[in-house]
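Notes for the one structure printed next.
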Amino acid sequence: MRKTAFFTPVFIGVLFFLLAACGQRAQDPAPGGAGRMLSDAVGRTVSVPAAPGHIICSGPGCLRYALYLQCADMLAGVDSLETRVNSLDARPYALATPRLKNLPVFGEFMGRDNPELILGLSPSPELIFKTYPEMGQDAAKLQGKTGIPVVTLNYGDLLDGRPDFYASLRLMAEVLHKQDRAEEIIAFIDSCLADLSRRTKDIADQDRKTCYIGGIAFKGPHGLQSTEPAYPPFVFTGTPNAGLGEKGPAYVNVSKEKIIDWDPEIIFIDLATMQSDPKANAIYELKHDPAYRNLRAVKTGSVYAVIPYNWYAQNYGSTLADAYYVGKVLYPEAFADINPAEKADEIYRFLTGKPLFAELNRIFGGLLFNRVRL
């Protein structure tokens, strides 16, 4: 009895000490200097290290931001998508950084993080960034389980979500001391968008072609009927998407009858469609579906292939490159000084550090920025 009575208080004391230590770890900033407080995308107040040495990026597109900011050397691991071998990979940041495939995995893609794998990383991450925080592992729970600060970000886009994109880029840059690089990226993108607007804003309505974009990826590949009312390269060149205009949901699957009724003069195909079943992709449909044979674009050979842009969230470099190609096809005089492939390389070189158009074109069988033979 004395032995039991002696050990019970000691055991209880140790237990309380461990629980207090775990609770303190979940709240304290990770190593990296005295912490500071910030508010993340979902309004959480997070204490982050003053000078983080290693990070991980969770969720669609999050890693893209870190690589735009030239922080590849800070990565302690990647999600499962980054280590897969995909013969049709259209993510420029990944093509420019092949060593991603050799980094340890901390969880599944789409934000499904594994706290045990994160705690086993070496070197240990001192900070976790997370886009689309509604997906996968909850940010607050992940922080509680790992003791590592989690900063959520709104991914944004280049249209109405551009303020979110810029705010998230600036927030990540502030934490990682890359503010100058963030401002360079924002200025570069703004200059491209201003240039596209300058070239196309005065084109008369009667000189604007009726166009359609098909094969847009949305949570996977799709065929010709998959489109986007506010397809960014169309918006940036003042080009309505067939009968859809420039507003509406981010993604729609229109009927075959609608495409026939619109009868666009020019069709663009997002080559994300090539990941579909070979007999279900947009190019196969245009070649073999009798309903499409009388479309003006098909009869005149006015079907063109563009770079997939919506691939694990939007690839901003590909969006801009596609916009210059769309402008060149539709308004050649306004883009007379533009070589779309060279412009794409200029954009990729700035954002990722490497010219990538030739590699992307090889991946997609030489179809990019070309007429599609039907």
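Nothing in this text is a laboratory measurement; each read-out follows from the coordinates by a stated rule. Being a predicted model, the structure only gives us computed values, none of them experimental. FYI the Cβ positions are ideal-geometry reconstructions off the backbone, even for glycines, and counts take in every protein chain you see.
Counted by neighbouring Cβ atoms within 10 Å, the residues K219, K101, K343 run from fewest to most as K219, K101, K343.
Taking the helices alone, the chain has a mean residue ellipticity at 222 nm of -11500 deg cm²/dmol, built from -39,500 (n - 2.57) per DSSP H run of at least 4 residues and averaged over all its residues. Counted by neighbouring Cβ atoms within 10 Å, the residues S58, S255, S80 run from fewest to most as S255, S80, S58.
The antiparallel fraction among DSSP beta bridges confined to the chain stands at about 35%.
Axis of helix 2-27 versus longest Cα principal axis of the chain: the two differ by about 30°, to the nearest ten degrees.
Once both labels are positioned 7 Å from their Cα atoms along Cα-to-Cβ, the gap between R371 and S39 label points is 5.6 nm. The mean sequence distance of close C-alpha pairs (under 8 Å, at least 6 residues apart), as a share of the length of the chain, puts its relative contact order at 14 percent. Using only Cα atoms, find the angle between the long axis of helix 316-330 and the longest principal axis of the chain, and express it within 0 to 90 degrees, rounded to the nearest 10. Roughly 10 degrees between the two axes. Distance between the C-alpha centres of region 176-238 and region 40-90: 25 Å, rounded to the whole angstrom. Rounded to 0.05, the FRET efficiency of the A51 and F218 pair, given R0 = 45 Å and the Cβ-Cβ distance, is 0.70. Listed from fewest to most Cβ neighbours within 10 Å, the set W262, W311 follows the order W262, W311. Among the listed pairs K287/K343; K256/K279; K130/K178; K279/K328; K101/K130, those with a Cα-Cα distance over 22 Å are K287/K343; K279/K328.
Simple spin-label estimate for A194 and D160 gives 2.6 nm between the two label positions (7 Å along the Cα-to-Cβ direction from each Cα). Once the Cβ-Cβ distance of I186 and A336 is raised to the sixth power relative to R0 = 30 Å, the FRET efficiency obtained is 0.60. Site pair A72 and E359 shows an inter-label distance of 0.8 nm when each label is modelled 7 Å from Cα along Cα→Cβ. To the nearest 10 degrees, how steeply does helix 162-176 sit against the main Cα axis of the chain, on a 0 to 90 scale? On a 0 to 90 degree scale, this one is about 40. In the elastic network of the chain, a GNM with C-alpha springs shorter than 10 Å, the most mobile of Y331, Y231, Y309 is Y331.
Legend: calculated FRET efficiency, V252 to K209, from the Cβ-Cβ distance at R0 = 22 Å, rounded to 0.05, equals 0.60.
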